[in-house]
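The values are calculated or read from the model by the stated rules, or taken from the named source; none is laboratory data. Bear in mind that the values here come from a model prediction, so they are computed numbers and not experimental data. All Cβ positions, even for glycine, are placed from backbone atoms using ideal geometry, and neighbour counts span all protein chains on display.
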Amino acid sequence: MSTRYFGARVTRNEDPALLRGHGLFVDDVRVAGVASGAVLRSPHAHARIVGIDARRARTAPGVLAVYTHADLGTLGEPLPKLIPHPTLIHHKTQRALARDTVRYVGEPVAFVVAEDRYAAEDACDLIAVEYEPLPVVATLEAAVAAGAPRVHDDLDTNVCAHYTQRVGHVEDAFARAPHRVRARFVVDRGASCPIETRGVVAAWDPRARHLDVWDSTQAPIPIRNGLARLLGLPEQHVRVVAPDVGGGFGPKIMMFYPEEVLVPFAAMRLGRPVKWIEDRREHLVATNQEREQIHDAEIAVDADGRILGVRTVFLYDSGAYIPYGLIVPIVAATTLPGPYRIPNYHCEFRAVFTNKTTVSPYRGAGRPHGVFVMERLLDQVAADLGLDRAEVRRRNFIQPDEFPYDVGLTYQDNAPLRYDSGDYPACFARALELIGYRDWPARQARARADGRALGCGVACYVEGTGIGPYEGARITVEPSGRVFVATGVGTQGQGHMTSFAQIAADVLGVSPRDVTVHTGDTALFGWGTGTFASRAATVAGNAVALAAQAVRDKTRLVAASLLEALPEEVELADGRVFVRGVPARALPLGEVAQAANPLRFAMPEEWEGPGLEAVRYFAPPQGAFSNGVHACVVEVDVETAMLTISRYVVVHDCGRVINPLIVEGQIHGGVAQGLGGAFWEKLAYDDQAQPLSTTLMDYLLPTAADVPPVEVAHIETPSPLNPLGVKGAGEAGVIPVAAVIAQAVEDALRPLGIHITEAPLSPNRLRQLIVEARRSP
Amino acid sequence: MKLEGTTTLPAPVETVWKTINDPEALRRCTPGLTELTATGPDAYAATLTIGIAAVKGTYKGTLTITDKRAPTHCKILLEGTGGAGFMKGEGVLDLEPEGTGTLVKWAGDMQVGGLIAGVGQRMLGGVGKMLVGQFFKCLEQQLGSGA
């Protein structure tokens with residue numbers, strides 16, 4: 001195929017509208033007569049609901065309805081269980097409104113609908129809920145302690161899954177290893193904090209018996225299917241639109257959040273459109289969170305630093321419920337081996353309920369944990385054996401001639417963890433070159449002589465992307481010559497309107513500007529699973545390519561009769577269709593589209609229907625594995641413990657790059673989020689599991705001033721698993737940031753000998769470590 | 001959150017004891033207390049309006065005085081809930097003669113939840129100390145004017 005636009009730095013089709021303020025986010029949806037919803041949430045981390053008195057709220061001015069669990073009927077059952085797993089023996093999900101027990105601060109207890117949000121919020125204050133506080137499980141370790149209070153009183157444990165995977169003979173490897181390193185690593189909670197919080201608008205048309213829902217979600221099609229089932233409606237009578245979603249990052253792929261059920265329910269019940277927009281404080285308690293894990297990990301190496309075995313036994317905090325199953329801890333366990341040859345590996349975790357907000361994948365989704373543990377272990381190996389940390393990594397890389405490389409584990413998509421392609425040493429060498437690693441010792445020594453603490457870090461990762469089961473696309477050429485692409489994977493800022501347009505444009509011989517991409521509207525495309533796991537470009541991108549090829553074939557067929565030629569002689573370029581070698585006698589593509597839709601006379605049978613249109617699906621056999629290396633230079637102010645990141649380099653291999661501009665944007669954003677998780681963002685809870693960081697005053701997002709310019713270089717090893725040779729890039733920026741920052745900070749403070757085994761750090765925590773290191777002899 | 005401290009009041013132990021067991025004095029001196037209705041011996045229904053950081057809330061609940069060993073020891077339990085969350089506190093008071101006055105040793109533990117915990121927790125220590133200070137200052141004035 002021609003590759004004119006594929007690989008080019010095409011500026012984004014979506015930006016003119018977004019930059020002019022013409023985007024459509026859920027709060028921009030205007031429906032006549034819309035009422036406003038507000039959610040009354042539990043102030044207790046664990047309590048029994050003794051009684052709810054909503055009488056005063058129901059009669060307050062402007063209030064249309066107050067719903068509690070008793071009003072929900074069958075919708076009051078526990079919400080659907082996503083992604084079951086054989087080892088997940090207690091698959092608990094929450095109810096849309098709590099029935100008799102609340103299990104985290106922020107759990108919905110009542111839903112108020114009023115003429116406006118003010119009246120709804122005021123009415124929430126008038127609802128008297130009598131709680132009987134229950135003992136609280138505030139930490140992972142407390143949850144698994146003997147005699148711990150239980151989050152779910154029908155269970156005799158807080159452990160909902162115990163999972164183990166093994167490769168080789170780990171015990172033997174450790175028994176004969178000349179050298180071992182063991183440590184405990186703690187990763188704490190963070191919030192995804194998209195600029196657009198969650199929001200839902202629903203409108204019910206009782207005459208058409210049709211429900212329209214606008215939802216800031218990453219999975220409009222599963223939401224449509226699930227809502228139809230829960231509400232007893234035909235799927236064709238429910239339309240879910242995820243418009244210009246202002247950031248998703250994983251937590252918006254939950255099905256269902258309570259509000260996604262409550263808003264449509266209220267709209268149908270009241271016969272009025274209802275809107276609910278999550279405020280930031282709600283976001284920090286009521287939208288799923290991530291990252292809390294405690295790993296006890298160990299590595300065994302030979303005298304040269306070659307890995308003999310690795311094991312990690314960890315606790316995974318699922319929060320109060322576990323709707324999304326075991327994806328995050330499985331990804332953590334299977335990302336840990338990374339680009340290294342590990343002949344013997346044991347990973348084992350317990351997934352644990354606590355009285356905190358529910359956990360589901362957040363950008364990285366376990367990958368940062370695995371990488372943090374592995375990279376920290378290798379750093380310690382290098383330090384203990386007196387080896388250069390880069391050399392230790394080089395000695396352990398899987399080599400380019402070893403692909404496909406079978407790690408020996410089962411990945412999150414239930415397929416074998418088999419790396420499809422890559423060149424790990426080349427990626428690594430390029431990153432070292434860009435950061436100037438060879439001269440680093442001299443530069444560091446000069447800085448130290450000037451009293452400055454400079455450190456360099458370099459960390460590697462392999463990222464599972466592009467998993468199935470499938471995605472599809474429908475491509476239509478209109479008589480105007482414009483090409484329309486409809487696909488099920490919504491966009492939350494990833495540039496689908498451009499990447500997919502580039503793919504279709506190359507095949508159909510048009511400009512990407514002439515391709516309009518529709519995503520996230522179930523009325524336009526109704527098959528698909530959603531935008532997650534860095535899979536849109538790989539899975540939907542290849543479906544777009546296949547559909548475009550089918551439309552091209554149809555175009556040739558129709559044009560052949562118009563041009564009196566054979567179909568295989570027909571070419572498409574510059575929006576025109578012509579016989580090879582005779583571009584002067586060309587038809588506009590739109591004219592062929594017009595001809596493919598005749599008003600009279602017989603239509604040729606081989607057209608298999610009217611129009612230049614085709615639908616195709618792509619179902620990859622397994623995920624494609626991207627990889628990369630991050631390197632940075634930091635300076636630590638030893639007195640204030642503040643960091644200045646003077647350089648940040650990412651060398652990244654996501655197979656063939658559709659649009660470097662977009663991939664680099666993805667990486668810049670990912671690094672910013674990664675830096676948040678490395679040094680700033682921490683969801684703090686007190687000993688009663690009360691969240692303490694419920695505003696952006698206390699939950700510190702890195703600002704533009706905190707994020708350095710990110711230098712990006714690409715290595716391209718095409719994936720053999722799909723026709724375009726692409727792999728995913730959505731999470732690459734975030735994955736190794738905590739690991740590389742920890743290493744750089746340790747390097748900067750090497751004279752003090754501090755050990756970093758936790759993420760995030762913070763200026764406070766780092767200062768504590770510095771003070772402790774100075775005190776110890 | 002735990003707080004403790006001492007205060008000297010310009011009246012003998014018996015007078016101080018009587019004052020802190022007087023609902024009228026409690027009503028007047030407990031900061032933010034707008035209603036106090038006896039519901040039984042040493043038990044009251046209470047309404048409090050308190051601002052912590054940016055969160056001003058009204059809490060309805062109970063105030064109970066227990067563990068009484070007249071005239072030197074008692075425990076005050078306060079529980080309230082409202083739109084801004086809930087609070088639960090207990091304070092232990094020990095009175096000792098000190099010259100012609102009384103040394104009050106006090107220790108308190110306060111727990112908050114919901115909005116006030118999320119937004120106001122880091123201000124809680126300061127606000128708690130301020131409120132306790134206001135309480136004793138008022139008692140001091142009561143004792144001064146009553147003497």
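Might you let me know whether the stretch B:33-46 holds any residue that is farther than 28 Å from B:Gly125 by Cβ and of a type in the set (Asp, Glu)?
Yes, there is a match, as at least one residue in the stretch B:33-46 is farther than 28 Å from B:Gly125 by Cβ and of a type in the set (Asp, Glu).
Going by what's in this entry, would A:Arg224 be described as touching a strand residue (DSSP E or B) at 6+ places or on another chain (Cβ under 6 Å), assigned to a helix (DSSP H, G or I) and either among the small types (Gly, Ala, Ser) or touching a residue at least 24 places away in the same chain (Cβ under 8 Å) (or both)?
yes
Give the stretch A:75-92 a look and list any residue that's closer than 17 Å to A:Arg229 by Cα and touching a residue at least 60 places away in the same chain (Cβ under 8 Å), or say none.
Of everything in the stretch A:75-92, those that are closer than 17 Å to A:Arg229 by Cα and touching a residue at least 60 places away in the same chain (Cβ under 8 Å) turn out to be A:Leu75, A:Leu79, A:Pro80, A:Lys81, A:Leu82.
Could you please let me know if A:Ala60 is touching a residue at least 12 places away in the same chain (Cβ under 8 Å), more than 14 Å from every other protein chain (Cβ to nearest Cβ), over 31 Å from the mean Cα position of the chain (by Cα) and buried (at least 17 other Cβ atoms within 10 Å of the Cβ)?
Working: touching a residue at least 12 places away in the same chain (Cβ under 8 Å): yes; more than 14 Å from every other protein chain (Cβ to nearest Cβ): no; over 31 Å from the mean Cα position of the chain (by Cα): yes; buried (at least 17 other Cβ atoms within 10 Å of the Cβ): yes.
Here the answer is no, as A:Ala60 does not meet what is asked.
Could we say that A:Val238 is at pLDDT 95 or above and either within 14 Å of another protein chain (Cβ to nearest Cβ) or buried (at least 22 other Cβ atoms within 10 Å of the Cβ) (or both) here?
Spelling it out, A:Val238 is indeed at pLDDT 95 or above and either within 14 Å of another protein chain (Cβ to nearest Cβ) or buried (at least 22 other Cβ atoms within 10 Å of the Cβ) (or both).
Here is a yes/no grid of residues against (1) modelled with pLDDT of 90 or more; (2) within 14 Å of chain A (Cβ to nearest Cβ):
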| residue | (1), (2) |
| --- | --- |
| B:Lys18 | yes, no |
| B:Gly32 | no, no |
| B:Val55 | no, yes |
| B:Leu103 | yes, no |
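Go through the stretch A:170-189 and give me each residue that's in contact with a Pro (Cβ under 9 Å, 6 or more places away or on another chain) and β-branched (Val, Ile, Thr).
A:Val187
For B:Glu90, all conditions in the list (1) touching a residue at least 40 places away in the same chain (Cβ under 8 Å); (2) in a strand (DSSP E or B); (3) within 30 Å of A:Leu683 (Cβ to Cβ) hold save one; what is the number of the exception?
For B:Glu90, the exception is condition (1).
Does A:Asp317 satisfy being of a type in the set (Asp, Glu) and crowded, with 24+ Cβ neighbours inside 10 Å?
yes
Which one is surrounded by the fewest Cβ atoms within 10 Å (Cβ to Cβ), of the residues in the stretch B:28-48 that are within 13 Å of the chain's Cα centre (by Cα) and within 19 Å of B:Gly133 (Cα to Cα)?
B:Arg28
Return only the number of the condition from (1) crowded, with 22+ Cβ neighbours inside 10 Å; (2) away from every other protein chain (no Cβ under 14 Å); (3) over 30 Å from the mean Cα position of the chain (by Cα) that A:Val170 does not satisfy.
Failing condition for A:Val170: (1).
Considering only residues that are of a type in the set (Ser, Thr, Tyr) and part of a strand (DSSP E or B), which ones fall in the stretch B:42-87?
At the first step, the residues of the stretch B:42-87 found to be of a type in the set (Ser, Thr, Tyr) are B:44, B:47, B:49, B:58-59, B:62, B:64, B:66, B:72, B:81.
Across the stretch B:42-87, the qualifying residues are B:Tyr44, B:Thr47, B:Thr49, B:Thr58, B:Tyr59, B:Thr62, B:Thr64, B:Thr66, B:Thr81.
Looking at (1) surrounded by 17 or more Cβ atoms within 10 Å (Cβ to Cβ); (2) in contact (Cβ under 8 Å) with a residue 12 or more places away in the chain, which is the one condition that is false for A:Ala429?
So A:Ala429 meets the others, but not (2).
Hey, among A:Ala70, A:Ala8, A:Ala98, A:Ala65, which residue is loosely packed, with under 14 Cβ neighbours inside 10 Å and away from chain B (no Cβ under 14 Å)? Even if it seems obvious, please write down each step before you answer.
Values: A:Ala8 fails: loosely packed, with under 14 Cβ neighbours inside 10 Å; A:Ala98 fails: loosely packed, with under 14 Cβ neighbours inside 10 Å; A:Ala65 fails: loosely packed, with under 14 Cβ neighbours inside 10 Å.
It is A:Ala70.
Can you list residue pairs whose Cβ atoms sit under 6 Å apart, with the first residue in the stretch A:682-704 being over 15 Å from A:Arg291 (Cβ atoms) and within 13 Å of chain B (Cβ to nearest Cβ) and the second being among the polar types (S, T, N, Q) and not in a loop (DSSP other than H, G, I, E, B)? Count only pairs 6 or more apart in sequence or on different chains.
A:Leu692/B:Gln121
Scan A:Ala584, A:Ala560 and give me the residue that is assigned to a helix (DSSP H, G or I), over 30 Å from A:Pro368 (Cβ atoms) and without any contact (Cβ under 8 Å) to a residue 12 or more places away in the chain.
Going through A:Ala584, A:Ala560 in turn, the sole match is A:Ala560.
Tell me, yes or no, whether the stretch A:707-729 has at least one residue that is in contact (Cβ under 8 Å) with a residue 24 or more places away in the chain and within 14 Å of chain B (Cβ to nearest Cβ).
Filtering the stretch A:707-729 for residues in contact (Cβ under 8 Å) with a residue 24 or more places away in the chain gives A:707-729.
Those left that are additionally within 14 Å of chain B (Cβ to nearest Cβ): none.
Scanning the stretch A:707-729, I find no residue that is in contact (Cβ under 8 Å) with a residue 24 or more places away in the chain and within 14 Å of chain B (Cβ to nearest Cβ), so the answer is no.
Anything in the stretch A:25-49 that is surrounded by 14 or more Cβ atoms within 10 Å (Cβ to Cβ), away from chain B (no Cβ under 14 Å) and in a loop (DSSP other than H, G, I, E, B)? List them, or say none.
A:Phe25, A:Val29, A:Val31, A:Val34
Residue-by-condition table, conditions (1) within 21 Å of B:Asp42 (Cβ to Cβ); (2) more than 14 Å from chain A (Cβ to nearest Cβ):
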| position | (1), (2) |
| --- | --- |
| B:Asp67 | yes, yes |
| B:Glu79 | yes, no |
| B:Gly89 | yes, no |
| B:Val92 | yes, yes |
| B:Glu96 | no, yes |
| B:Gly99 | no, yes |
| B:Ala107 | yes, yes |
| B:Gly120 | no, no |
| B:Leu139 | yes, yes |
